[in-house]
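See below for the structure under consideration.
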Amino acid sequence: MRTLLLASALCAGLFGPVAGVPPPEPAPSPYRAFCRTLWLFASPCVDVSTELVAQIQALSPYQLVSVNPVYIAANHTSALRPLGEDLTFSLSPTVLTAGCRVTAMSNSIGFTSLLDGGLNYCNLYELLSASGLSSAPGFMEMTNEWACLGKGLATCVKKH
Ligand SMILES: *[C@@H]1O[C@H](CO)[C@@H](O)[C@H](O)[C@H]1NC(C)=O
């Protein structure tokens, strides 16, 4: 378990803020299930953001909390997990390719098993696939089991 938490912390560091710079948001707690993943698109961030926001508003388990040109916050709840999960998307343009890089995160609120059966991964994946962004030009996902616990076990069932 120690090794798992350490590896998870090290890996989160790859995506996270540089040491010494105050973090813009709290890092995911190692005691709560989370998924952190990086998406690359060939389309501009404004298009990616429009699609994500439209899907958050279209799918009932999701609620939009706030949106601005570089950041989207939402949540996801279900009858089984009324506390739900927080979702955030940080968007930044990729200068050379005029594309968009998105750091997407889903964090369980409240204490859960670290292994969430892919729940947090599926929260993100569902928006990605329902919006069609997973087949958008240049789409690429970078994550792994340490940044996105349960990804390998996830079987995301389409609920919509
Ligand atoms: C989800 O976000 C909406 C909109 O901000 C808010 O009203 C609701 O209380 C949030 N739900 C949870 C469980 O945090």
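The values are calculated or read from the model by the stated rules, or taken from the named source; none is laboratory data. Source: prediction; values computed, not measured. Cβ sites come from the backbone with ideal geometry, for glycine too, and all protein chains shown count toward neighbours. Protein only, heavy atoms only, side chains kept; ligands, DNA and RNA dropped before computing areas. Shrake-Rupley method; radii C 1.70, N 1.55, O 1.52, S 1.80 Å.
Taking amide H as placed 1.01 Å from N in the peptide plane, F139 has its amide H under 5 Å from the amide H of A42, each at least 5 places away in sequence or on another chain. Solvent-accessible area of the stretch 48-95 (1.4 angstrom probe, protein heavy atoms only): carbon and sulfur portion equals 60 percent. With one equal scatterer per alpha carbon and no solvent term, the Debye-computed log10 I(q)/I(0) for the stretch 43-84 at 0.19, 0.31, 0.32, 0.34 1/Å reads -0.57, -1.06, -1.09, -1.16. Overall shape: prolate for the stretch 51-119, with the ratio a/c of the largest to smallest alpha carbon gyration tensor axis at 1.5 or above and a/b above b/c. Taking Cβ atoms as reference points and 15 Å as the exclusive limit, the residues near V48 contribute a net charge of -2, counting Lys and Arg as +1 and Asp and Glu as -1. Modelled this way, with points 7 Å down the Cα-to-C-beta line, the labels at T50 and T103 are 2.6 nm from one another.
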